[in-house]
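The values are calculated or read from the model by the stated rules, or taken from the named source; none is laboratory data. Since we're looking at a predicted model, the values are computed, not measured. Here the Cβ is made from the backbone with ideal geometry for all residues, glycine too, and neighbour counts use every protein chain on show. Surface accessibility is based on the protein's heavy atoms, side chains included, excluding ligands, DNA and RNA. Shrake-Rupley method; radii C 1.70, N 1.55, O 1.52, S 1.80 Å.
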Amino acid sequence: METKMLDVHVPLPLAERLDALAFALGLPRDEIVAEAIATWIDQEEHRRLVALRTIAAANTMMVVETHRVIDWADSL
């Protein structure tokens with residue numbers, strides 16, 4: 001798979017945590033970062049899809065006028 005080099009600035013405490021985790025797991029930092037980015041993107045795409053489905057469902061809802069609801073409730 002082709003790759004692309006990304007330069008990012010991260011807070012020093014986060015970089016230190018990444019280094020510690022990479023050392024503990026015996027994994028390269030870039031592998032951990034790539035997995036974290038993929039997971040975040042998957043979550044954001046899922047959230048976006050849920051939001052779009054919710055909007056679509058709201059657009060198809062039937063709206064009932066308030067006085068009709070009150071009349072129906074009074075008839076019970």
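Looking at ILE37, ILE32, can you tell me which residue is surrounded by 10 or more Cβ atoms within 10 Å (Cβ to Cβ), of a type outside the set (Phe, Trp, Tyr), modelled with pLDDT of 95 or more and touching a helix residue (DSSP H, G or I) at 6+ places or on another chain (Cβ under 8 Å)?
It is ILE32.
VAL63 fails exactly one of the following numbered conditions: (1) outside any helix (DSSP H, G or I); (2) hydrophobic (A, V, I, L, M, F, W, C); (3) open to solvent by less than 70 Å² (accessible area, probe 1.4 Å). What is the number of that condition?
Result: VAL63 fails condition (3) only.
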